[in-house]
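Note sheet for the following structure.
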Amino acid sequence: MLSAIIAAHDSERTLVPTLAALVPGATAGLLGEVIIADAGSADATAEVADIAGCRFIASSDPLGKRLKAAALTTRTPWLMFLRAGCVPEPGWIQAADRFMETIDRLDVPMRAAVFRPPGAGDMLHPRLSELAALLRVMFGGGARPEQGLLIARRFYDEIGGHASDAGAEASLLKTIGRRRIAMLPIGAGTAR
């Protein structure tokens, strides 16, 4: 089971498709809770979160502090960090479940995962698309915060979680390192 933590700020329009993409995870029993880590939105972000049954935490703290504070309130063994507007593609539930099961059941070193980034390769055969995305990550500077992050709570705690600054998402990915980040075979688009 996992908790989704979504970074938001004036995100009422982009939050809706993100939450809609997560609903099947809740009905499948994989997603235990959704927490919105908000930066003090002036729009209806809080109302959208309330209607969707999310926990809403608002703070003027930098992004890293908000995300870490939200993570500390969870009780699930896995965390999934997303930005409002990140929309995991259908099939994300099976991909995430398979990754978590592999880490939990096998004696493998701790790893985290990100969604495959969208791109021109999406028009290619799925296997070619995955290869193109992998090459982008390998030679293009690694995973980016827009790809989300799926990480075991114990691994998150072990590496110290998010730093307290505004660039905390990229900093956490760098701390994890390319070799310990797997790419899920499912992409995540961006709502506008």
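The values are calculated or read from the model by the stated rules, or taken from the named source; none is laboratory data. In this text, all values refer to a predicted model and were calculated from it rather than measured experimentally. Positions of Cβ are generated from backbone atoms using ideal geometry, with glycine treated the same way; all protein chains shown enter the neighbour counts.
Of note:
- Of all residues in the range 176-192, those that are under 13 Å from Ala143 (Cα atoms) have Cβ atoms under 6 Å from Cβ atoms of residues that are surrounded by fewer than 19 Cβ atoms within 10 Å (Cβ to Cβ) and not aliphatic (A, V, I, L, M), 6 or more apart or on another chain, in Arg178/Gly142; Arg180/Arg111; Ala182/Arg111; Gly187/Glu89; Gly187/Pro118.
- Any hit, the range 39-46, residues being farther than 23 Å from Asp104 by Cβ, touching a Cys at 6+ places or on another chain (Cβ under 8 Å), among the β-branched types (Val, Ile, Thr) and assigned to a helix (DSSP H, G or I): no
- Selection status of Ala49, in a loop (DSSP other than H, G, I, E, B), at pLDDT 95 or above and more than 15 Å from the chain's Cα centre (by Cα): no
- Within the option set Ala42, Ala26, Ala20, being under 16 Å from Asp61 (Cα atoms) and small (Gly, Ala, Ser) holds for one residue only, Ala42.
- Residue selection: Ala42 satisfies the criterion of being of a type outside the set (Lys, Arg) and more than 13 Å from the chain's Cα centre (by Cα).
Conditions (1) surrounded by 20 or more Cβ atoms within 10 Å (Cβ to Cβ); (2) in contact (Cβ under 8 Å) with a residue 60 or more places away in the chain; (3) in contact with a helix residue (DSSP H, G or I) (Cβ under 9 Å, 6 or more places away or on another chain); (4) not aromatic (Phe, Trp, Tyr), marked per residue:
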{"site": "Ile57", "(1), (2), (3), (4)": "no, no, yes, yes"}
{"site": "Lys68", "(1), (2), (3), (4)": "yes, yes, yes, yes"}
{"site": "Thr73", "(1), (2), (3), (4)": "no, no, no, yes"}
{"site": "Cys86", "(1), (2), (3), (4)": "yes, yes, yes, yes"}
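- In the range 36-54, residue surrounded by the fewest Cβ atoms within 10 Å (Cβ to Cβ) [restricted to those that are in contact with a helix residue (DSSP H, G or I) (Cβ under 8 Å, 6 or more places away or on another chain) and more than 10 Å from Ala8 (Cα to Cα)]: Glu47
- Counting residues in the range 65-77 that are under 25 Å from Arg178 (Cα atoms), modelled with pLDDT of 95 or more, assigned to a strand (DSSP E or B) and of a type in the set (A, V, I, L, M) gives zero.
- Out of Ala112, Ala120, Ala191, sole residue that is among the aliphatic types (A, V, I, L, M) and either buried (at least 18 other Cβ atoms within 10 Å of the Cβ) or modelled with pLDDT of 95 or more (or both): Ala112
- Being more than 12 Å from the chain's Cα centre (by Cα) and on the phi > 0 side of the Ramachandran plot holds for only one residue in Gly91, Gly64, Gly85, and it is Gly91.
Conditions (1) touching a Gly at 6+ places or on another chain (Cβ under 7 Å); (2) of a type in the set (A, V, I, L, M, F, W, C); (3) closer than 17 Å to Trp92 by Cβ, marked per residue:
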{"site": "Arg144", "(1), (2), (3)": "no, no, no"}
{"site": "Gly148", "(1), (2), (3)": "no, no, yes"}
{"site": "Ile151", "(1), (2), (3)": "no, yes, yes"}
{"site": "Tyr156", "(1), (2), (3)": "no, no, no"}
{"site": "Ile159", "(1), (2), (3)": "no, yes, no"}
{"site": "Gly167", "(1), (2), (3)": "no, no, no"}
{"site": "Thr175", "(1), (2), (3)": "no, no, no"}
{"site": "Arg180", "(1), (2), (3)": "no, no, no"}
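- The residue of the range 158-175 that is surrounded by the fewest Cβ atoms within 10 Å (Cβ to Cβ), among those that are closer than 14 Å to Leu72 by Cα and within 16 Å of the chain's Cα centre (by Cα), is Gly161.
- Near pairs, Cβ below 8 angstrom, 6+ apart or cross-chain, from the range 145-159 (farther than 15 Å from Ala69 by Cα) to any residue that is part of a helix (DSSP H, G or I) and of a type in the set (Phe, Trp, Tyr): Leu150/Phe99
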